[in-house]
Each structure stands twice: as C-alpha cells, then as structure tokens.
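What follows is a single structure, written as structure tokens, with notes after it.
The values are calculated or read from the model by the stated rules, or taken from the named source; none is laboratory data. Computed from a predicted structure; not experimentally measured. For neighbour counting, all protein chains shown are included, and Cβ atoms are generated from backbone atoms with ideal geometry for every residue, glycine included.
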C-alpha cells in the first residue's frame with residue numbers, strides 16, 4: 001500500500017472514529033454524503049462547453065499541423081518518385097527541404113501540444129473549482145455535516161449524493177444560461 005493510500009486510510013479511520021465516539025454523546029444525527037467529483041466533472045454541462053470551446057480555440061492550429069504533415073508527405077512522395085532522375089545537388093536540396101519541413105512540423109506539433117495541455121489544465125482547474133463550489137453550496141443547502149469526495153472506496157446509495165449534486169449543477173447552469 002503506498003504512502004498516500006495509507007494516509008487516506010488513516011484519515012478516513014480517524015473521521016469514522018471521531019463520529020463513532022461523538023455520535024453516542026450527541027443526540028444530534030450527523031448527515032454524511034459522498035460525491036464523486038470525477039463523475040460530476042465528466043457529466044456536467046460545463047465540461048461539454050469547455051471541451052467544445054477548446055476544440056474551437058485550437059482548431060486552426062490543428063489544421064495547420066495537418067496541412068504541414070500533408071505537405072511533407074506529398075514532397076516525400078514526389079522526391080521518391082523523381083529520385084532516379086535527380087542530380088546530386090537536386091537530391092541534397094530536396095533532402096534539406098524535407099529535413100527543414102520535418103523540423104518545422106515537429107516544432108509546430110510540440111508547441112501545439114504544450115499550449116493545449118497548458119490551456120486544458122487552466123480550464124479544468126477553473127471547472128474543478130466551480131464544481132467544488134457547487135458541491136459545497138448543495139451540501140450547505142441540504143444540511144449535510146460532512147461530504148466526502150475522492151478517496152472513498154465504497155459508498156452506499158444512501159449516502160452517495162453525486163446524482164443530486166449533478167442535478168443541482170445542471171439546474172444552476174441552465175438558470176445562468178437563461
């Protein structure tokens with residue numbers, strides 16, 4: 001068991017122990033819920049909007065990369081076809097052009113990948129903060145004392161409030177869109 005898993009188990013057991021000891025002392029019932037933040041992030045309407053926006057934002061660069069790749073493939077095919085009739089200087093120039101195009105393609109592809117990864121991380125961070133705020137608002141409105149997120153190994157349907165929170169997220173999104 002990894003160090004993080006051991007720590008999560010210790011924290012979970014500590015929480016359970018605190019509630020086990022405090023519950024008999026207190027006449028108040030503790031309301032506990034479990035939420036899958038990953039499921040919320042994957043299924044929320046905001047995620048679809050974010051994904052569509054990112055695709056749209058990076059589509060021109062992706063088209064440029066595909067065009068550059070096609071240009072290289074076409075030049076390779078032409079060079080391969082004309083290789084037998086090319087002089088030494090022509091062949092060297094064609095090889096140099098192909099190398100230069102290959103380098104440019106790799107540079108474009110690497111920059112594109114770095115930029116899209118950076119932008120995805122930025123947007124997903126905002127989305128996660130938004131979903132977490134929705135969970136907190138829902139828990140407070142519904143009177144939950146404790147809501148547990150990631151790291152839960154099992155949660156019965158009695159305490160799993162993911163669907164309820166997702167419905168609240170969708171309703172809030174729809175209300176904000178109008």
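At-a-glance table
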read-out	value
Qualifying residue in the stretch 130-137 (condition: assigned to a helix (DSSP H, G or I) and closer than 30 Å to residue 61 by Cβ)	yes
Extreme residue, farthest from residue 43 (Cα to Cα), among residues of the stretch 134-159 that are within 23 Å of the chain's Cα centre (by Cα) and exposed (fewer than 12 other Cβ atoms within 10 Å of the Cβ)	153
Any hit, the stretch 42-56, residues being over 18 Å from residue 121 (Cα atoms), in contact with a helix residue (DSSP H, G or I) (Cβ under 9 Å, 6 or more places away or on another chain) and without any contact (Cβ under 8 Å) to a residue 60 or more places away in the chain	no
Test for residue 176: is it in a helix (DSSP H, G or I), at pLDDT below 90 and loosely packed, with under 10 Cβ neighbours inside 10 Å	yes
Filtered residues of the stretch 18-39 (kept if in a loop (DSSP other than H, G, I, E, B), within 13 Å of residue 139 (Cβ to Cβ) and modelled with pLDDT of 85 or more)	31, 35
